[in-house]
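Single-structure report; data block below.
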Amino acid sequence: MRRLITAAGGAVAVAGCVAGLLYLGPATESPTATAPAATAPAGGAPGGSVPVGGAPAGDALAAGALDTARKRTETYPRDPVGWAALAGAEIEQARTTMDAARLEAADRALRRSLALDRTGNYAADVGRGQLANARHQFAQGREHGLRATRMAPDRPDGYAVLADAEIQLGHYQAARAAAQRLLDLAPASGAYSRAAYDLETNGRPADAAIALKRAVDSASTTGERAFAQTRLGDLAWSRGELDRAAKHYRYALSTEPDYPYAVAGTARVLAARGEPDKALDAYERLAARTPLPQFLLEAVELRASMSKASKAAKAGAGDSRPGGEAAALAAQVRLLRADGGPVDPYLALFAADHGDPAVAVELMRGEWKRTRSVITADALAWALHRDGRDGEALEYARRAAATGWDNALFRYHRGAIEHALGLPGARRHLREALETNPYFSPYHAARAQELTRK
């Protein structure tokens, strides 16, 4: 296996060398690696999620690719590859605009591609996998990824689909194998970003940071660069490194203004620095155009912490602006219960802490049947705890710790569950949560502090 080649001008990556760096042993940062200039500068289940499917393209680039793909199908309406390319462009557009209607358009394009060529249509299999993953239908994404990689074992796109699906399903060894093969075939930004997610999930944040820096350096679009910079910000945030996190979010926003995950990261930093009003303004603007459960829940919990702090100081009733985020989340929970389908863990956490914990348990039990990731385990553990089922909750909290992810929210959840059970390890896990990231939640960090004193 080839190792990292270091030259006078810096680290030179070659196909296959990343295996030695990322997966076969501890990595060390190249002495010549530096952060990009601010003028030219990458998820979210709880505590460290990333958007599924790798890095998005920039808005303008994605729109241009979509226009080109549409013109191709108009010129060559009998070309199955052209229709699959149109589906891919629609999925990229959905990723950048967060417009779910684009996924329906992608589905139609894929059906057209398959109608023209049902056997040996690699591009359509990859597209179907991307679409399934975008819809959080990871078991289907895995099936399509496996089919694509068997059809063409030396082409990278199928491994990207497979890596995304396997890690979300909780198949960590399989996810690593797919990411490794992707790195061997195409050591580019998307491969490094996927490797970084695997490394972070498996308790190797320093190695994840190295992979993300390489994702930045190898980015071929502004969207890829913004994604990798945002993930570097998230990684710094997870360690409580506010200045470093803010720097990476600035890099991301200088590349892709209004990139949603970088805006949310910036709001988190503002709140942690004692500027909750500015943070809430950022969340309100973000939620107005991108009402994802993660952003809505962070706003809800920031409002709650502001109200609690204000009442404690006897200075009023806290933030007086009417917050519609809780109502929006409650509506999403109702729709999910009525329609079924994949569960965003942030919705379950909202229901557990700010709604009906029994509903949170119902949602996460259903999700556990579909995905066995540590993120799912943690959300189910917390729902069970809030519903008063601490013995069962502890089982899932331990499952959430299985990969060694140094996640402050996971540690807090486990510590609170153990505290409710009167177990001796409770204070240790609560202290570890606060030592890992004392700002991990404006709502829960204060509770963690209280529990360490009881």
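Using the Kirkwood radius built from alpha carbon pairs, what does the Stokes-Einstein equation give as D for segment 170-308 at 10 °C and 1.306 mPa s, in µm² per second?
Value of D from the Cα-based Kirkwood radius: 101 µm²/s.
Could you give the length gained on full extension between residue 427 and residue 339, defined as 0.36 nm per residue of separation minus the Cα-Cα distance, in nm?
Answer, rounded to one decimal: 27.7 nm.
Volume per residue for segment 315-409 equals 117 cubic angstrom (convex hull of Cα atoms). Once both labels are positioned 7 Å from their Cα atoms along Cα-to-Cβ, the gap between residue 151 and residue 453 label points is 6.1 nm. The packing ranking, built from the mean of other Cβ atoms within 10 Å per residue, places the peptides 419-425, 163-169 in the order 163-169, 419-425, highest first. With θ taken as phi - 60° and the Karplus curve 6.51 cos²θ - 1.76 cosθ + 1.60 applied, the whole-hertz 3J(HN,Hα) list for segment 399-404 is 4, 5, 8, 5, 8, x Hz, x standing for glycine and proline. Surface calculation, 1.4 Å probe, protein heavy atoms: residue 98 sits at approximately 70 Å² accessible. Solvent exposure of segment 154-298, expressed per residue, is 34 Å² of accessible area, with all protein chains present and a 1.4 angstrom probe. The simple spin-label model puts a point 7 Å past each Cα toward its Cβ; for residue 307 and residue 289 those points are separated by 2.8 nm. Rolling a 1.4 Å probe across the protein heavy atoms gives segment 358-406 an accessible surface of 38 Å² per residue.
Per residue, segment 102-152 exposes 47 Å² of solvent-accessible protein surface, assessed with a 1.4 angstrom probe and all protein chains in place. Taking all protein chains together and rolling a 1.4 Å probe, residue 220 ends up with roughly 100 Å² accessible.
The values are calculated or read from the model by the stated rules, or taken from the named source; none is laboratory data. Nothing here was measured: the structure is a model prediction, and the numbers come from that model. No Cβ is skipped: glycine too gets one built from the backbone with ideal geometry, and neighbour counts run over all protein chains shown. Side chains are part of the model used for accessible areas, which takes the heavy atoms of the whole protein and leaves out ligands, DNA and RNA. Shrake-Rupley method; radii C 1.70, N 1.55, O 1.52, S 1.80 Å.
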